[in-house]
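Let me begin by presenting the structure, written as structure tokens, before commenting on it.
The values are calculated or read from the model by the stated rules, or taken from the named source; none is laboratory data. These numbers come from a predicted model, not from an experiment. Don't worry about glycine lacking a Cβ; one is built from the backbone with ideal geometry, like all the others, and counts go over all protein chains shown. When the accessible area is computed, the model is the full protein with side chains, heavy atoms only, and any ligands, DNA or RNA have been set aside. Shrake-Rupley method; radii C 1.70, N 1.55, O 1.52, S 1.80 Å.
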Amino acid sequence: MSTATTEISSKTSIWSGGQSPFNISYGKLMMWFFLLSDAFTFSALLVTYGMVRYSHTAYDPSVHGEFVFSQSYWPIPEKVFEAVPFLHGVSLPLVFVGIMTFILIMSSVTMVLAVEAGHRMDKKAVQKWMLWTIIGGLVFLGCQAWEWTHFIVGTGGGGASLSWNEYGPPDFAALFFFITGFHGTHVLSGVLLNFLIYYRTVTGMYERRGHYEMVEKVGLYWHFVDLVWVFVFTFFYLI
Amino acid sequence: MSSEETTNVQVIPADKAKIKHIWTVAGILGFITTLEFIVAFTISTGMLKLSIFVVMTIVKAAYIVGEFMHLKHESKVLMWSILLPMIFVVWMLIAFRYEAGAILDLRGW
């Protein structure tokens, strides 16, 4: 009898029930699946960008001569995004988005440190690192607001709207608003979630609960927001 | 009441190696971003530049998802459940990029 039981249990896989095949909590698993679906949404936007961009004429110096903003070819991003706050009139291509990228990466790092502190039940450290993460998110949003304002107001050629822009074909500005706007909305909701987690850490909710798993779950979301920006930075600004 | 709770909680001291690892990954991400920035202004537009950017982006994404989001250290089943569906995205990217060329031809600009 006992040998039969051993035989059966040795043939069962992790999928036979009685244990979690993913070896992860329900909440974290669902966060992963949500992030996968969200990744599909962002991918759709970036694939759309690729398709629309390459169905427009590319700028070619031998055909078009010196680069100017024109409706007849797709603009070079580094010629459009070259302004930095407080340095009016100075051409610093991609410097500001570079700074924004560093800010978001840094806030991702402070988030990992908050999660690490949560594992150790170190309430003070969780508070400290969550606060830094929130500050990083807010600074990024501020930069985004400045970037949008500069883009919309323009450099004397009429600026940009969803249907028209001074930099190139109408789709260029429309895609800029959709992609960076959708990402910015994610950053905004991330900051709100981070604040909620910070608040509940301060009030001692997680300490009473005995674990800081909520920090991990929101942390996953926050890293995802950083991850998306890595792709936006490459596909929208660099290429 | 609150002081009683605080005394009950055991704070485990930080593991120096773990913290150092986090900052190492942060350093790598910062370094690659700086490198991308340099490449943007030193290599002329073309297939080479595009490939360098794509590779660097994938490396950065791997560090963020693998280390920061901890996916590398989760069960392999979970890792592949998240990574394999992204193949559809790669296919979509290639398909639509190809389609874009056809549209440009048809427009005859």
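If you filter the stretch A:23-33 down to residues that are open to solvent by 30 Å² or more (accessible area, probe 1.4 Å) and without any contact (Cβ under 8 Å) to a residue 60 or more places away in the chain, you find that the one that is nearest to the other protein chains (Cβ to nearest Cβ) is A:N23. None of A:G190, A:G204 is on the phi > 0 side of the Ramachandran plot and open to solvent by less than 50 Å² (accessible area, probe 1.4 Å) except A:G204. Evaluating B:L29 against the criteria (1) over 26 Å from A:T48 (Cα atoms); (2) surrounded by 15 or more Cβ atoms within 10 Å (Cβ to Cβ); (3) facing chain A (nearest Cβ under 7 Å); (4) without any contact (Cβ under 8 Å) to a residue 24 or more places away in the chain leaves one unmet condition, (4). Yes or no: A:G89 assigned to a helix (DSSP H, G or I) and among the small types (G, A, S)? No.
For the stretch A:217-230, the set of residues classified as among the hydrophobic types (A, V, I, L, M, F, W, C), within 16 Å of A:S37 (Cα to Cα) and at the interface with chain B (Cβ under 7 Å from one of its Cβ atoms) consists of A:L220, A:L227, listed by residue number. When A:G98 is tested against (1) in a helix (DSSP H, G or I); (2) free of Cβ contacts under 8 Å to residues at least 12 places away in the same chain; (3) more than 11 Å from chain B (Cβ to nearest Cβ); (4) closer than 30 Å to B:L29 by Cα, just one condition goes unmet, and that condition is (3). Would you call A:L113 facing chain B (nearest Cβ under 7 Å), closer than 26 Å to A:V202 by Cα, of a type outside the set (G, A, S) and in contact with a helix residue (DSSP H, G or I) (Cβ under 6 Å, 6 or more places away or on another chain)? Against the criterion (facing chain B (nearest Cβ under 7 Å), closer than 26 Å to A:V202 by Cα, of a type outside the set (G, A, S) and in contact with a helix residue (DSSP H, G or I) (Cβ under 6 Å, 6 or more places away or on another chain)), A:L113 qualifies. Of the residues making up the stretch A:41-82, not one is touching a His at 6+ places or on another chain (Cβ under 6 Å) and exposed (fewer than 15 other Cβ atoms within 10 Å of the Cβ).
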